[in-house]
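Notes for the one structure printed next.
The values are calculated or read from the model by the stated rules, or taken from the named source; none is laboratory data. Nothing here was measured: the structure is a model prediction, and the numbers come from that model. Cβ: placed from backbone, ideal geometry, glycine included. Neighbour counts: every protein chain shown.
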């Protein structure tokens with residue numbers, strides 16, 4: 001699927017309902033050539049105050065900048081602006097409270113890898129939080 005920065009379809013089928021967010025990011029982030037937005041199982045459960053479980057490869061080698069935005073109504077200009085602001089600040093993984101995650105990169109392969117890693121981080125964080133609560 002391909003659209004221009006005005007939202008006009010160039011080729012492919014129907015665009016995502018979060019198209020305004022994608023366009024806002026592309027307009028404001030020169031290095032962003034790829035955006036991935038997923039609604040994972042675990043990522044909507046994270047909160048900014050959570051101690052994210054980053055394995056050593058993530059923590060010391062990949063070191064993605066991870067940010068959070070508050071809860072917004074999906075498909076709104078407010079959500080698009082909030083996510084774009086975090087990306088302009090250099091975030092590569094942005095967790096959307098009670099919604100999902102957005103990842104960006106200069107290429108689609110890395111944006112997809114970051115999206116997968118974001119969900120892995122979320123899963124590990126949720127499980128480690130539950131284990132702490134259960135005192136296991």
Listed residues 41, 25; which is in contact (Cβ under 8 Å) with a residue 60 or more places away in the chain and within 24 Å of residue 1 (Cα to Cα)? 25
Candidate set: the stretch 13-26, residues that are part of a loop (DSSP other than H, G, I, E, B) and out of contact with any strand residue (DSSP E or B) (no Cβ under 6 Å at 6 or more places or on another chain); chosen: the one farthest from residue 87 (Cα to Cα): 13
Residue count for the stretch 34-47, restricted to those that are touching a strand residue (DSSP E or B) at 6+ places or on another chain (Cβ under 8 Å), at pLDDT 95 or above, in a loop (DSSP other than H, G, I, E, B) and more than 13 Å from residue 18 (Cα to Cα): 2
May I ask you to list the residues in the stretch 4-15 that are touching a helix residue (DSSP H, G or I) at 6+ places or on another chain (Cβ under 7 Å) and surrounded by 11 or more Cβ atoms within 10 Å (Cβ to Cβ)? 7
Tally of residues being surrounded by 14 or more Cβ atoms within 10 Å (Cβ to Cβ), within 14 Å of the chain's Cα centre (by Cα) and under 18 Å from residue 111 (Cβ atoms) across the stretch 27-49: 8
